[in-house]
Amino acid sequence: MPINALAIDNFYKLFTGSKEAYGIHDYNFSSDGKKEDGTNRTVKKQVRLDHYTGHLEGKRGLGIIPITQGNKCKFVVIDIDIYDREEDLQMFMTTIEDHKFPIVPFRSKSGGLHLYVFFKDLTIVKQAVEAVQLMIAVLSLDIYYKRVESRMVEVFPKQKKVSEVNREFGSWINLPYFNALDTKQGVVYRGEMLELNKGLAYAASRKTDVDSIRAFVDNLPFSDAPPCLQTMYLLNVIGEHDGRNNYLFSFCAYLKKKDENFFEPKLFEINESLLVPLETDEIERTIIQSHKRKDYTYKCTEHPCVLYCNKPMCKNREFGIGKQDGYFSNLEYGLLTQVRTSRPYYEWQIKKQGALEFITLRFKNEDEIIKQDAFLRLCFRELHMLPYKLKQSEWIKIVNQSLVEVIIDEINEQDYASAETMFKNYFVEFITTRAKAETKEQLLNSLTYYSKQEDVYYFRVKDFSDFLMVKKQFFLMTPDEIHPMLKDMGCTSGKCTTESRKQIRINKFPHKNLKKYSAIIDEEEARETFVPEYAVKEKPDQSHEEKPW
């Protein structure tokens, strides 16, 4: 039965391509009519309208080269050459229909899918293919195809440019609706194959342009989320045993970052969209309560997120992993410990997602944590990765969450050989083990003097400085750092008047403070050991003695 002229004309306009060459496919179906194993050849002659007619009437299969000599095209085809996975193919077609993708699914001659994108006007091939690749990524067709077939999904036109001078034509693709009245290659809509006129009308209604495709992708649900979450939501692939908890946990992390005050009801909405929703009380107990206590990152390396992971695309999403100055990193933050020495330092347990053990990163002071730079350097050195720097507001949240459960590790100062500890030990030695002045006048001889009345030691800072630098060869502190250290130990500066009315600039150190800086004695022993004998004994009453003239 002949095909009417209007249908032929509509078919020709829809599948317009190169005029300079075309392909011929001679069909050869098996006896059961299922498997098709025909022969192909390229004809380097001008394609005519009667070639289209012969294809629709089932006389000879026609293949069209989508790219024209001007490097433009009217359609792009995603070739999903997969068999015996009808449930998977149906999943993609349902998603395309439910979310109104500007894609028209056709059955291929071998039972797979050819997903066509028709353009309203001739469009530069590079721009057209790039726009279609956005939809491929959102549907995760490339990742799925590579996982199933171990190769990249094919997209026609295969060439971005052809040379008219060198008589290049590009690759052709076999057209649908061969033998249109009894075809196996028609438009598939809602599980049914549309007859020729309905199929052509539906395809014509889905024509689009590059800008519309980009706007469509941007306006899809969760277009700012990691692409794995968006894809799983669009395809509706999460069942009871498909990593449902990890899926909801990761979605909760995204929703909380996006809106901290409204993430709970949104998560329940996501759960209700699942094939088999999780029990409400389990969501509250295992997921929401955890996220209320602290922020979490996504479970990128765990099922099911790992199946749909698209790192390059994720880096460009506002709430994706690895976006510079973004919200997330693929790190897990463990215990934070403050080691309490004279100058506290910090140890933070960090690990990469999927790693079995935490690695301890050590920070010299608070600034090294607050400013992130030292953190990034240590991740580079110890974890062999360089995470992106987070927004400072997000980084402060992470630090504060770790500080809530910070562990304080008190270290005996004498067990910690820091410059400050050495300084204090040398000071105690300077005060207690050297010869003592019996009079204030003898302070000028670099001695220390004990005042029983005040219970303090007098000394000159210059003498202590000389003791450190000359006798002990202690150069871990500059002279400018000595005075603040003495002040921290309880020393006060002032003057004293000697017996000969001389005034000496001195520092006073309380005897009671010795117990803080001695490793070998307690308070009782300190007074007995360190107070010079002449200072604690009562001097005999010499009032009856004769005084010399």
Which condition number in (1) modelled with pLDDT under 90; (2) surrounded by 11 or more Cβ atoms within 10 Å (Cβ to Cβ) is the one that Tyr458 fails?
(1)
Report the residue count in segment 316-327 for those that are surrounded by 15 or more Cβ atoms within 10 Å (Cβ to Cβ) and modelled with pLDDT under 90.
5
From the list Thr39, Thr53, Thr123, pick out the single residue that is farther than 24 Å from Leu235 by Cβ, modelled with pLDDT under 95 and of a type in the set (Val, Ile, Thr).
Thr39
Could you grab me the full set of residues in segment 159-205 that are surrounded by 14 or more Cβ atoms within 10 Å (Cβ to Cβ) and assigned to a strand (DSSP E or B)?
Ile173, Asn174, Val187, Val188, Tyr189, Met193
For segment 205-220, which residues satisfy the criterion of being over 22 Å from Tyr189 (Cβ atoms) and free of Cβ contacts under 8 Å to residues at least 60 places away in the same chain?
Asp211, Ala215, Asp218, Asn219
Would you say Tyr83 is over 26 Å from Val47 (Cβ atoms), free of Cβ contacts under 8 Å to residues at least 60 places away in the same chain and of a type in the set (Phe, Trp, Tyr)?
yes
Here the residues within segment 256-305 that are among the hydrophobic types (A, V, I, L, M, F, W, C) and in contact (Cβ under 8 Å) with a residue 24 or more places away in the chain are Phe263, Ile270, Leu274, Leu275, Val276, Leu278, Ile283, Ile287, Ile288, Cys300, Cys305
Counting only residues that are exposed (fewer than 13 other Cβ atoms within 10 Å of the Cβ) and basic (Lys, Arg), give me the helices (runs of 4 or more DSSP H) lying completely in segment 328-414 with at least 3 of them.
none
Members of segment 489-517 that are modelled with pLDDT of 90 or more and within 14 Å of Glu420 (Cα to Cα)
Met489
Could you please let me know if Arg60 is surrounded by fewer than 16 Cβ atoms within 10 Å (Cβ to Cβ), over 39 Å from the mean Cα position of the chain (by Cα) and of a type in the set (D, E, K, R)?
yes
With the checklist (1) in a loop (DSSP other than H, G, I, E, B); (2) farther than 27 Å from Asp50 by Cβ; (3) among the basic types (Lys, Arg) in hand, flag the one item Lys146 doesn't pass.
(1)
Being surrounded by fewer than 11 Cβ atoms within 10 Å (Cβ to Cβ) and at positive phi narrows it down to one residue among Gln473, Gln453; which is it?
Gln473
Quick check on segment 199-210. Is at least one of its residues under 33 Å from the mean Cα position of the chain (by Cα), hydrophobic (A, V, I, L, M, F, W, C) and at pLDDT 95 or above?
yes
Given (1) under 16 Å from the mean Cα position of the chain (by Cα); (2) in the same structural domain as His384 (by TED's automatic domain parsing); (3) within 20 Å of Gln401 (Cβ to Cβ), index of the condition Phe363 fails:
(1)
With the checklist (1) closer than 30 Å to Val125 by Cα; (2) outside any helix (DSSP H, G or I); (3) not acidic (Asp, Glu) in hand, flag the one item Phe216 doesn't pass.
(2)
Can you find a residue in segment 333-340 that is within 21 Å of Lys258 (Cα to Cα), under 16 Å from the mean Cα position of the chain (by Cα) and either at pLDDT below 90 or not charged (D, E, K, R) (or both)?
yes
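The values are calculated or read from the model by the stated rules, or taken from the named source; none is laboratory data. These numbers come from a predicted model, not from an experiment. Because the Cβ atoms are built from the backbone with ideal geometry, glycine has one as well, and the counts that use them run over all protein chains shown.
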